[in-house]
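Report on the structure given below.
Quick note: the coordinates plus some simple rules give every number you see, no bench work behind them. The shown structure was predicted, so the numbers you read here are calculated from the model rather than taken from an experiment. A quick note on method: Cβ atoms are made from the backbone with ideal geometry, for glycine too, and the neighbour counts reach across all protein chains shown.
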Amino acid sequence: MFIDRPDRFNATDDTLGGRISLARDACNLSVEAAARTAGISPDRWAAFENDRDIPLADHLPLIADALDVSLAWMVSGHGTGPVWIANHNVAAFR
């Protein structure tokens, strides 16, 4: 998903894992890179994204920081969510 201006995205109907995945995609990070940034194993991170496990309370701020979203957005879908920034492919949509 690319747009021609920065924008914030609310995801109140998504799961916690869905919001983690969405924010990681917006940052253009691999599971391994995002997990390394937050100090979490890639296997656990993948389990969070797939809703097979939930992060401990002390992991949530680390995940939110790694993905540049607010803790409130991470938990509820309200707040400062991911930014989708246009790249050189935007010209193709005009």
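The share of Cα pairs per 10 Å bin across the range 16-93, counted from zero up to the longest distance, runs 20, 54, 19, 7, 0 percent. Between residue 53 and residue 76, the FRET efficiency estimated from the beta carbon spacing at R0 = 25 angstrom works out to 0.85. I want to check the label-to-label distance for residue 33 and residue 68. Put each point 7 Å from Cα in the C-beta direction and report it in nm to one decimal. Label-label distance for residue 33 and residue 68, simple model: 1.1 nm.
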